[in-house]
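This report refers to the structure that appears directly beneath it.
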Amino acid sequence: MIHPGTTPFAVCELITLPVGEVVTVTPPGMAPISVFHTSDGLYAIDDTCTHQDASLADGWVEGCTVECPLHEACFDLRTGVPSGPPAKIAVRTHDVSIVDGTVLLHFEQKGDTR
Amino acid sequence: MNTVPNSIVVLGASLAGLSAVRALREKGYTGRLVVAGSETSLPYDRPPLSKEFLTGDVTDEDLLLMNSDDDTLDVEWRMNSTATGLIRSPDGLHRVTFDDGSHLDADAVVVATGARARTLPGHFGLAGVHTLRSVDDARALRESLSRAQNLVIVGAGFIGAEVASSAAGMSLQVTVVEASPTPLAGPLGIELGAICAGQHAVHGVRLLTGAVVDALLGDDAVEAVRLSDGTVLPADVVVVGIGAVPNVEWAGGSELMIDDGFLTDSSCRTNLPGVYAIGDCARTFDEAHQVHHRSEHWSNAVTQAATVADTIMATPSGPAAIPYFWSHQYGKMLQFAGTRHSTDEVRFVDGDPGTGTFVATYDRDGDTVGVFAMNNPRLFTRYKKQLARSRA
Ligand SMILES: Cc1cc2nc3c(=O)[nH]c(=O)nc-3n(C[C@H](O)[C@H](O)[C@H](O)COP(=O)(O)OP(=O)(O)OC[C@H]3O[C@@H](n4cnc5c(N)ncnc54)[C@H](O)[C@@H]3O)c2cc1C
Ligand code: FES
């Protein structure tokens, strides 16, 4: 579901992101965001683990969860909610869509970043 | 015969204890749950104590393991309560006695009393001498370090190396003394242990190997460390990092089998029906290697908590987890998974040890049985998962 008032950001062509792959982008003014292509579809979350400083794109995806590569906290890709310690805080999730074969991220941009 | 107990007491309110009550509730346990622990604070995380907490990058609040979701656990927390014994109650339940003279009866007991730091024999009461296990220890050490010039660390294992790394940025003179010829050879093997130990020199920390402490010198406060070869190292702070011993003595009068930890089967059952042991205090039977093994690592406490919940609830448990631990030293993430024998062949499969970014595997009879990585979590995770698959 795409919320109104969001700005789309082109991530990549879908063809370059097969199932099982992940891509990390840093839209202007945003923290790095990773887009995971799972067998259930595309999910986008903030890339940095809320526990410490790990890239979740380096983690292990199983179904709709990603396991952090450092201390094994598991995050639900749909909600960002961790299933247990050491992470306590959810990672932010972002809306994704595919338009004409392009993967688009949608988020509320705070202020004009240009 | 496996009936779900009406009441469970968990002893030890730290990582293993908290993870156990979470896992029990997750698997549908609805009975009474009490967690009793010696410390005053609710469960907190120990790994940062030798790392970001020492340097001030992590606060007391960051250490806490619980979040608002845990409010719904419906657990009675009894902090500041040290168990002193485990006996049969008159009606046949397990009775845990406490240091304040009180007791609790329950159908089942999960023992998660962890471990404590080993101390240097014969050196009590000198100010400036620290071990590191609890948040109070870490606070005291941080305070000492803020006023120190010369830090001597006894032991170049993980805790010693992490403290050295944290202190290296604090404009102190840091010396690590290690009795064995190669630090970390036990967990990592000589080759990779030596590579990790090489980080000390790069960061201006002096490492003395084959160095045995003879005495700590000083009247009220420590002033120096004397080695058995006569070397005297000036020290206003000493950290003793020579391993940990399981907290088992409190159960000495029980019928529990104890041998460097509470002995359990691979499902975390002790010899007493209805009593289980998990985490740093447990020496668990490892089906794959047919030996009892005590693991003092974070992930082990969490996975055993899930196992004990499966055992108690009689739910099927997944395949045994691959042993895993990490350490963080001098800005580098070290990760190890699997098992290691001294005869395993170490193979560098990615990167270059000289650059501090690499992955190495341990191979035995043509199979990869372990993996170690410095600063390559992505490839490490892939090898770790491969190990899990080949074991399943
Ligand atoms: C400084 C430090 C750094 C570490 N870093 C890492 C790391 O980088 N990576 C890694 O994998 N692991 C690390 N570890 C290890 C990890 O923290 C432990 O494996 C983990 O804490 C074990 O959890 P536990 O609950 O079994 O035991 P503990 O955390 O030791 O908890 C046991 C609890 O039981 C309480 N207790 C003891 N006796 C009684 C009694 N009789 N009655 C009631 N309560 C009792 C204790 O007070 C304590 O609160 C580190 C440990 C320390 C100390
Ligand atoms: S950094 Fe992700 S769990 Fe610790």
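Checked against the criterion of being touching an Asp or Glu at 6+ places or on another chain (Cβ under 9 Å), farther than 30 Å from B:I153 by Cα and aliphatic (A, V, I, L, M), segment B:264-274 has at least one qualifying residue. For segment B:321-348: of the residues being more than 14 Å from every other protein chain (Cβ to nearest Cβ) and among the basic types (K, R), which is farthest from B:G279 (Cα to Cα)? Checking each candidate, the answer is B:R347.
The criterion of being outside the structural domain of B:L208 (by the TED database), more than 16 Å from ligand 2 (Cβ to nearest atom), of a type in the set (A, V, I, L, M) and at pLDDT below 95 does not hold for B:A251.
Can you say whether B:G279 is small (G, A, S), in contact (Cβ under 8 Å) with a residue 60 or more places away in the chain and buried (at least 17 other Cβ atoms within 10 Å of the Cβ), as far as the supplied structure shows? Here the answer is yes, as B:G279 does meet what is asked.
With respect to the conditions (1) under 30 Å from B:S19 (Cβ atoms); (2) within 14 Å of chain B (Cβ to nearest Cβ); (3) surrounded by 13 or more Cβ atoms within 10 Å (Cβ to Cβ), A:T38 lacks only one, and its number is (2). Among the residues making up segment B:376-392, a single one is within 11 Å of chain A (Cβ to nearest Cβ) and outside any helix (DSSP H, G or I): B:N376.
Within segment B:94-143, being hydroxyl-bearing (S, T, Y) and touching a Leu at 6+ places or on another chain (Cβ under 6 Å) holds for one residue alone: B:T113. Taking segment A:61-82, which residues are modelled with pLDDT under 95, touching a strand residue (DSSP E or B) at 6+ places or on another chain (Cβ under 6 Å) and within 9 Å of chain B (Cβ to nearest Cβ)? Residue satisfying the conditions is A:P82 alone. Just to be sure before I move on: is B:A36 at pLDDT 95 or above and within 14 Å of another protein chain (Cβ to nearest Cβ) in the structure I sent? Considered against the rule, which asks whether it is at pLDDT 95 or above and within 14 Å of another protein chain (Cβ to nearest Cβ), B:A36 comes out as no. The residues of segment B:370-387 that are under 22 Å from the mean Cα position of the chain (by Cα) and not charged (D, E, K, R), listed by number, are B:G370, B:V371, B:F372, B:A373, B:M374, B:N375, B:P377, B:F380, B:T381.
The listed residues are B:G128, B:G92, and the only one of them that is at positive phi and either of a type in the set (K, R) or surrounded by 18 or more Cβ atoms within 10 Å (Cβ to Cβ) (or both) turns out to be B:G128.
Checking each residue in segment B:284-330 for being closer than 20 Å to B:G193 by Cα and away from ligand 2 (no atom under 15 Å from the Cβ) picks out B:S295, B:E296, B:P323, B:Q329, B:Y330. For segment B:276-320, a tally of residues being of a type in the set (A, V, I, L, M, F, W, C), within 14 Å of chain A (Cβ to nearest Cβ) and either more than 12 Å from ligand 1 (Cβ to nearest atom) or not in a helix (DSSP H, G or I) (or both) returns 2.
Scanning segment B:57-116 for residues that are of a type in the set (S, T, N, Q) and closer than 19 Å to B:N247 by Cβ yields B:N80, B:S81, B:T82, B:T84, B:T97, B:T113.
Looking at segment B:227-250, which of its residues are assigned to a loop (DSSP other than H, G, I, E, B) and either crowded, with 21+ Cβ neighbours inside 10 Å or in contact with a helix residue (DSSP H, G or I) (Cβ under 9 Å, 6 or more places away or on another chain) (or both)? Passing the criteria: B:A235, B:D236, B:G241, B:I242, B:G243, B:N247, B:V248. For B:A108, state whether it is in contact with a Lys or Arg (Cβ under 6 Å, 6 or more places away or on another chain), away from chain A (no Cβ under 13 Å), in contact (Cβ under 8 Å) with a residue 60 or more places away in the chain and more than 16 Å from ligand 2 (Cβ to nearest atom). Answer is no for this residue. The strands (runs of 3 or more DSSP E) falling completely within segment A:6-114 include none with 2 or more residues that are among the aromatic types (F, W, Y).
Look at segment A:41-69 and say how many of its residues are without any contact (Cβ under 8 Å) to a residue 24 or more places away in the chain, surrounded by 23 or more Cβ atoms within 10 Å (Cβ to Cβ) and within 16 Å of ligand 1 (Cβ to nearest atom). Looking only at that region, the number is 2.
The values are calculated or read from the model by the stated rules, or taken from the named source; none is laboratory data. From a predicted model like this one, the values you see are computed outputs, not experimental measurements. In this analysis, Cβ positions are derived from the backbone assuming ideal geometry, glycine residues included, and neighbour counts consider all displayed protein chains.
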